[in-house]
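Undergrad: Below are the structure tokens for one structure; questions will follow.
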Amino acid sequence: MFTTDLYTINIGPQHPSTHGGLHVEALMDGEVVKDAIVHLGYVHRSVEKIAESRTYTQFIPYASRLDYLASNLPTLGYAQAVEKLMGLSVPERAEYIRIIMAELSRIASHMLFIGSLAVDLGATTGLVYCLRDRERIMNMLEMTSGQRLIASYMRFGGVSADLPEEFFPAVQSFLNDLPGMIDEYNGLITGNEILQARCRGIGILSPEDAIDYGVTGPNLRASGIAYDLRRADPYGVYGRFKFEIPTGQRGDCLDRLTVRIKEIEQSGSIIRQALETMPDGEIQAKAPKVLKPAKGKEVYHRIESAKGELGYYLVSDGTDKPFRLHVRAPSFVNLMVLPLISRGGKLQDIIANIATLDPVLGESDR
Amino acid sequence: MNAVNSDAIIEKLRTIAGNKAEIVLDAFFTYIKVSPDDLLTLMQLLRDQLGMNYLANMTGVDQGEEFELVYHLYAIPDNQQKLVVKTRVSRDLAELPSISSIYPTADWQEREVWDLMGVSFSRHPNLVRVLLPEDFTGHPLRKDFKKEA
């Protein structure tokens, strides 16, 4: 028997396909991946330690910077966790505004996912179309919060400002154009023969492994499990909206792409319903300026972020600063299956696997 | 569905946990407090007999003399049960059995707890730092860790 020596190929940390500072050490046997070792921490800022020396309010911008591609989702989760700890309630109108902005963020994140998957697989044109459409969401975020990317828009007991007049025509025309955008993505990207060849049957994640390894979000649903926290454990007013949970059959890279495209449609439908039924009224509950939750209370609150289950574990000690804040980052946990789904494949499949697991390193490294 | 577990489940939990564990309820969760020695057995029973197949979150809290380890468990996809398992270990010992053989997702989360909080896990397959550099000394989330400007 002939044996070949294993050799190592480093992907990243400085590589466009790693979406930030992710380092994957691929152990190759000829062309076949024997193992892939993930090295994290290149953008670690220790936000959990920072949180202990900041007041509850001061942490909101840090939460925004966890998942900077969908910044309304991590701030929503954090605001709701603190509200749970304090027993604060949120005015109806603010709940609806939160959902509209959160779903817009989810669409923006998924659009960037589609575009960056295309560009990682060599189809640079695909990114242009997705960024063009995502730009309209960025403009809407700027209208509401003054910030395009890192909108620290959520407040305890509401949101920082009401939706401005010009927001409504912008979101309506965006929703009207959304089906056309999705057709375009399907025609240009999903239907592309090369992309199909690179994604179909690649990086298969079985439903059993997905649950064992704690994979959540679109990656879990692509493996065929209809589990979405907006349905399974509704927070805010999500219980009032009708939406479907798209699932895949094979759990491969192509399923992870198509599930996200279908989720964009569903998010569009949720925004439409929320706009139709949104009541008038206050956007901010009366909350104390300085929050001091009682001593020794704890709460774990989780939301369905664009990447999966985003959880905040908060422990209070009676002061205005958290005693302990832990962020359960979906990107961190989802990345754990990268070696599992990459073994036995080719080097190029690792690129597709990283892209379709959709990690955002600000969140996984914290 | 935001309500805590039904009485039937809590009754079953008492049978499973026996007299080794203390069960506490609040508005959001059912907490099971257990000693580190019984942790592995309890986790295995929760998984096998109560269908808690999904470890959502695990983390450590520095409580001075002791470290408190917190495990948030769910049953998915039906999601009717939510439990928190808590255990405490003394600061001097700071070692617990690894549950990564029961819940593979604990692998990296235990590495993170080791990295940032300095609680080690026996029989963990690969207990090395996950976020900080390998040559880093200290564990930043401990309350006595000195920050450098």
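Undergrad: Shape of the stretch A:208-305 from its Cα gyration tensor (a ≥ b ≥ c, root eigenvalues): rounded if a/c is under 1.5, otherwise prolate when a/b > b/c, or oblate?
TA: oblate
Undergrad: Which distance in Å, rounded to a whole number, links the C-alpha centroids of the stretch A:27-82 and the stretch B:70-149?
TA: Cα centroid of the stretch A:27-82 versus Cα centroid of the stretch B:70-149: 17 Å apart.
Undergrad: Can you list the residues, at least 5 places off or on another chain, whose amide H is less than 5 Å from the amide H of A:Arg328, using H built in the peptide plane?
TA: A:Gly311, A:Tyr312, A:Tyr313
Undergrad: What's the angle, to the nearest 10 degrees (0 to 90), between helix A:347-357's Cα axis and the longest principal axis of chain A?
TA: Approximately 20 degrees, to the nearest ten.
Undergrad: If you restrict to DSSP beta bridges whose two residues both lie in chain B, what percentage is antiparallel, to the nearest 5?
TA: Antiparallel: roughly 75 percent of the beta bridges in chain B.
Undergrad: Could you tell me whether the stretch B:13-89 comes out rounded, prolate or oblate from its Cα gyration tensor? Rule is a ≥ b ≥ c as square roots of the eigenvalues, rounded for a/c under 1.5, then prolate if a/b exceeds b/c, otherwise oblate.
TA: Prolate is the answer for the stretch B:13-89, as a/c is 1.5 or above and a/b outweighs b/c.
Undergrad: Which percent, nearest 5, of DSSP beta bridges in the protein assembly as shown are antiparallel?
TA: Roughly 85 percent of the beta bridges in the protein assembly as shown run antiparallel, per DSSP.
Undergrad: Rounded to whole Hz and in sequence order, give me ³J(HN,Hα) for the stretch A:264-272 from the Karplus expression 6.51 cos²θ - 1.76 cosθ + 1.60, θ = phi - 60°, writing x for Gly and Pro.
TA: 4, 4, 5, 4, x, 5, 5, 4, 4
Undergrad: Something else now. Starting at the first residue of the stretch A:38-53, write each ³J(HN,Hα) from the Karplus equation 6.51 cos²θ - 1.76 cosθ + 1.60 with θ = phi - 60°, in whole Hz, x for Gly and Pro.
TA: 9, 10, 10, x, 5, 10, 6, 10, 6, 5, 5, 6, 4, 4, 6, 10
Undergrad: Just need the relative contact order of chain B here, percent rounded to a whole number, with Cα pairs under 8 Å and 6+ apart.
TA: Relative contact order of chain B: 18 percent.
Undergrad: Which of the three applies to chain A, rounded, prolate or oblate, going by the alpha-carbon gyration tensor with a ≥ b ≥ c and a/c under 1.5 meaning rounded?
TA: The shape class here is oblate.
Undergrad: Given Cα pairs under 8 Å that are at least 6 residues apart, what percent is the relative contact order of chain A?
TA: So the answer I get is 26 percent.
Undergrad: Just to check I understand the Karplus step: with θ = phi - 60° and J = 6.51 cos²θ - 1.76 cosθ + 1.60, what whole-Hz values come out for the stretch B:50-59, glycine and proline as x?
TA: The phi angles translate into 10, x, 7, 8, 9, 8, 6, 8, 9, 7 Hz.
Undergrad: Using the alpha-carbon centroid of each, what span in Å lies between the stretch A:328-343 and the stretch A:111-167?
TA: For the stretch A:328-343 versus the stretch A:111-167, the Cα centre distance is 25 Å.
Values in this text are rule-based calculations from the coordinates and carry no lab data. Bear in mind the structure is a predicted one, so any value in this text is a computation, not a measurement.
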